[in-house]
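In what follows, a single structure is set out as structure tokens and then discussed.
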Amino acid sequence: MAEPKTKYDRQLRIWGEQGQAALEKASICLLNCGPTGSETLKNLVLGGVGSITIVDGSKVEFGDLGNNFLVDDSSLGQSKAKCVCCFLQELNDAVKAKFIEEYPEALIDTNPSFFSQFTLVVATQLVEESMVKLDRICRQENVMLIFARSYGLTGLVRICVKEHTVIESKPDHFLDDLRLNNPWPELRGFAEAIDLNVQDPVAHKHIPYVVILVKMADEWKTSHGGTLPSTREQKREFKELLKARMAATDEDNYKEAIDASFKLFAPQGISSDLQQIINDSCAEVGSSSSDFWVMVAALKEFIANEGGGEVPLEGSIPDMTSSTEHYVNLQKIYQAKSEADYLVLEERVRNILKKIGRDPHSIPKATIKSFSKNARKLKVCRYRSIEDEYNNPSPAELHKYLTDEDYSIAVGFYILLRAVDCYAANFNHFPGQFDGGLDEDISRLKTTAVSLLNDLGCSGLTLTEDLINEMCRFGAAELHAVAAIIGGIASQEVIKLITKQFVPMTGTFAFNAIDHKSQLLNLC
């Protein structure tokens, strides 16, 4: 067997050893191992999740051979859970795998405590009634839950957790934490020691742009009443001043200073998103508070005191044109400030833990350090329960989506997936599931959809005939191509939740294979 670092080399570059360790400790339960469930679990097994349990009471039928790559001819008539489990085990023998031959609906009804043993449950192809029950169980047991469903040429993915907190949100674009408009004494001292008017042309073109901007900002403030450029005209004028200080046209460091001047103009202090987090009621911590909220409470104290309105410094600097000596010294200054801020934050965390009656060292240093470094990028995601979403819909949001040409089909499928469940509850089969009687099924589904729209507070609005006809034509089939996409999205969200890295979806993901569209409906 390959060494883990070699085996998982590519993904380690994305979520690191800490993220991989979280995956390897995770225990995943899959409900129903048709194409959607199998595709989801396949991705997680290849990623090195710790253990999997497959729950499915069905046998492999001839139709399964055409849409599920994890069964073959020899599987016919056998337990689907057993066959899929065996194939998955072959993909990664480091993953512990077991199966239970039972229908998930029965397990949900008769043994709800079964789910408490898992880190996360992936529930596929469940109807509305079972979804509501399972969500209620998982919330009570604090088990993360993801629903995934493919139905003909459509599908959805929905995360169900009470609260999910993220330290390493890893946004695609985020402003470097350079504090150019609020330099601390060591950074200011370093900048002041460098002469922008140095005569040596080599030295002049290797002054780091951080130093150029700090010094030029001080010059500007001296002649502008202590304020930085704020209007468009002032910002243009400041860039012209930078340009005028260039000794030659090939000075990349000054070009970088001009391009990076927007970093100087950024407002001081913390973002509105972070302000919302530190003002959250959960930041008033007690003995049962999570580690995340204890660290938020410490961060709030840091910002109000040692931080002077700022979070701890991240401590990294981007690449820039500079002499090696200047760059290394600048790097050391940022790292030293970051370490000093972290130590202050750590002390505040330990004091708060002691105050609320917990072991002052119960939160590891590495966790506090990561929190300190990523303090600007914290995220808190909260999700309505499925029951609340269904029983207390937002007519305004639904109306907005239904009347928006770009979203009308996505929300139409969302509503029709609920309508087919109502239909199945009334007629004991899904529309179009059996040959013959398609016209009657279409009529019944249309009536069911209109009734559901009225219940959702959208009376007067309708779904297109074509959409209803397509839903009946699907016949509740799971197409492998659609299942692979839904499974891919679901497994991606599972990894986000388990590693606590990147920001998970905060709505219902709807896939429309007819128009090749993926959209997020913010209904939860």
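The values are calculated or read from the model by the stated rules, or taken from the named source; none is laboratory data. Just so we're clear, the structure is a prediction, and the values are computed from it rather than from any experiment. When we count neighbours, we look across all protein chains shown, and the Cβ atoms used for this are built from the backbone with ideal geometry, even at glycine. These area figures cover heavy atoms from the full protein model, side chains too; ligands, DNA and RNA do not enter into them. Shrake-Rupley method; radii C 1.70, N 1.55, O 1.52, S 1.80 Å.
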Name the one entry in LEU91, LEU126, LEU70 that is touching a residue at least 24 places away in the same chain (Cβ under 8 Å), closer than 28 Å to ASN428 by Cβ, assigned by the TED database to the domain that holds GLY488 and in contact with a Leu (Cβ under 7 Å, 6 or more places away or on another chain). LEU126
May I ask you to say which residue of LEU479, LEU416, LEU438, LEU398 is among the hydrophobic types (A, V, I, L, M, F, W, C), modelled with pLDDT under 95 and within 33 Å of the chain's Cα centre (by Cα)? LEU398
Filter result (among the acidic types (Asp, Glu) and either farther than 24 Å from CYS138 by Cβ or in contact with an Asp or Glu (Cβ under 6 Å, 6 or more places away or on another chain) (or both)) within the stretch 376-397: GLU397
All conditions in (1) farther than 19 Å from VAL328 by Cα; (2) in contact with a Lys or Arg (Cβ under 9 Å, 6 or more places away or on another chain) are true of LEU187 except (1)
Can LEU31 be described as over 25 Å from GLU168 (Cα atoms), in the same structural domain as MET144 (by the TED database) and surrounded by 21 or more Cβ atoms within 10 Å (Cβ to Cβ)? yes
Restricting attention to the stretch 262-279, which residues are open to solvent by less than 30 Å² (accessible area, probe 1.4 Å) and at pLDDT 95 or above? LEU274, ILE277, ILE278
Scan GLU493, GLU470 and give me the residue that is of a type in the set (Asp, Glu), open to solvent by 20 Å² or more (accessible area, probe 1.4 Å) and either touching a residue at least 60 places away in the same chain (Cβ under 8 Å) or not assigned by the TED database to the domain that holds LYS373 (or both). GLU470
Count - residues of the stretch 496-524 that are open to solvent by 30 Å² or more (accessible area, probe 1.4 Å) and within 9 Å of the chain's Cα centre (by Cα): 5
Qualifying position, being of a type outside the set (A, V, I, L, M), surrounded by fewer than 14 Cβ atoms within 10 Å (Cβ to Cβ) and touching a Lys or Arg at 6+ places or on another chain (Cβ under 9 Å), among SER288, SER316: SER316
Yes/no for GLY475 being on the phi > 0 side of the Ramachandran plot, surrounded by fewer than 17 Cβ atoms within 10 Å (Cβ to Cβ) and not hydrophobic (A, V, I, L, M, F, W, C): no
Starting from residues that are touching a residue at least 40 places away in the same chain (Cβ under 8 Å) and part of a helix (DSSP H, G or I), keep the ones in the stretch 420-430 and report whichever is surrounded by the most Cβ atoms within 10 Å (Cβ to Cβ). VAL420
Going by the conditions given, is ILE303 under 22 Å from GLU339 (Cβ atoms), surrounded by 11 or more Cβ atoms within 10 Å (Cβ to Cβ) and not assigned by the TED database to the domain that holds GLN199? yes
When you look at LEU313, is it in a helix (DSSP H, G or I) and either among the aliphatic types (A, V, I, L, M) or in contact with a strand residue (DSSP E or B) (Cβ under 9 Å, 6 or more places away or on another chain) (or both), yes or no? no
Residue count, the stretch 231-266, condition of a type in the set (D, E, K, R) and either assigned by the TED database to the domain that holds GLN331 or in contact (Cβ under 8 Å) with a residue 12 or more places away in the chain (or both), comes to 9
Would you say ARG348 is buried (at least 18 other Cβ atoms within 10 Å of the Cβ), basic (Lys, Arg) and in a loop (DSSP other than H, G, I, E, B)? no
Residue within the stretch 450-459 that is hydroxyl-bearing (Ser, Thr, Tyr), closer than 23 Å to ILE514 by Cβ and open to solvent by 40 Å² or more (accessible area, probe 1.4 Å) present: no
Regarding the stretch 217-230, can at least one residue be identified that is among the polar types (S, T, N, Q), open to solvent by 50 Å² or more (accessible area, probe 1.4 Å), part of a loop (DSSP other than H, G, I, E, B) and in contact (Cβ under 8 Å) with a residue 12 or more places away in the chain? yes
So which residues in the stretch 81-97 are touching a helix residue (DSSP H, G or I) at 6+ places or on another chain (Cβ under 7 Å) and either open to solvent by less than 50 Å² (accessible area, probe 1.4 Å) or of a type in the set (D, E, K, R) (or both)? CYS83, VAL84, LEU88, ASN92, VAL95, ALA97
